[in-house]
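This report refers to the structure that appears directly beneath it.
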């Protein structure tokens, strides 16, 4: 199956570079690009994109609002969004994830990792590179609402092991790292993560991480 891509970045050079890299892959097709968020939304909808590579800082409508329109709550036919960030400059990465993004990458990501990330997001998984997740969430946790005394009632439905897995996911650990930490198989971890997402009615690991921070678990 061919993955249809839209590139959204205000730098033409970056869009051109990404197009060259991704166009060489047999299962990837760049069907459009945009220099601002509003155009990205229009192109992604018109071309029925599977994944949008979305910069955050763009003129006019930024990547956060564009992400919300494409993948946020209440969107009938959501498009998967993969955020591109320079990390040191972007202060709104958490807000972008809360807006519906499926994950994020640094702009200097190696080509093979970029391609792999697109395939991961396209098949419905969230992309949370553990090392980057820890740094980003630690740095931007202050942008999240303060943890309240009341937690979602669904948290009480989690087993002790599921709660433990949620906390480890929030720390940015991969399934393999969680398996090693708990001395269980990776398949068992995947089952626990799936149950956590189902019980908490969360779309993916990104939302699980954010919930953990919002509720004070992390």
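All of the numbers you see were taken from the coordinates with simple rules; none came from a lab. Keep in mind that this is a model prediction, so the values were computed, not measured. Virtual Cβ from ideal backbone geometry, glycine too; neighbours counted across all protein chains shown.
Points 7 angstrom from Cα along the Cβ direction at residue 181 and residue 156: gap in nanometres?
2.6
Working out 0.36 nm times the residue gap between residue 106 and residue 188, then minus their Cα-Cα distance, what length gain in nm do you get to one decimal?
Fully extending the segment from residue 106 to residue 188 adds 26.5 nm.
Mind sorting 203, 15, 46 by how few other Cβ atoms lie within 10 Å of their own Cβ, fewest first? Write down the numbers at each step before the final one.
Values: 203 15, 15 19, 46 11.
Arranged by neighbour count, lowest to highest, 203, 15, 46 become 46, 203, 15.
Hey, fewest Cβ within 10 Å first, where do 38, 19 land in order?
19, 38
Once you have the Cα-Cα distance between residue 164 and residue 123, take 0.36 nm times their residue separation minus that, and quote the gain in nm to one decimal.
So the chain would gain 12.1 nm between residue 164 and residue 123.
For the residue pair residue 46 and residue 14, what label-to-label distance in nm results when each label sits 7 Å from Cα along the Cα-to-beta-carbon direction?
In this crude label model, residue 46 to residue 14 measures out at 2.2 nm.
Kirkwood Rh, Cα Rg: Rg to Rh for the stretch 170-218?
0.97
Calculate the length of the line joining the C-alpha centroid of the stretch 190-218 to that of the stretch 46-119, in whole Å.
Rounded to whole Å, the Cα centres lie 20 Å apart.
Report the Cα-based extents of the stretch 1-111 along its three principal axes, largest first, to the nearest Å.
For the stretch 1-111, the Cα extents along the three principal axes come out at 34, 33, 22 Å.
In which sequence would 169, 41 go, from the one with the fewest C-beta neighbours within 10 Å to the one with the most?
41, 169
Measuring from label point to label point, each 7 Å out along Cα→Cβ, what is the residue 61 to residue 27 span in nm?
3.0
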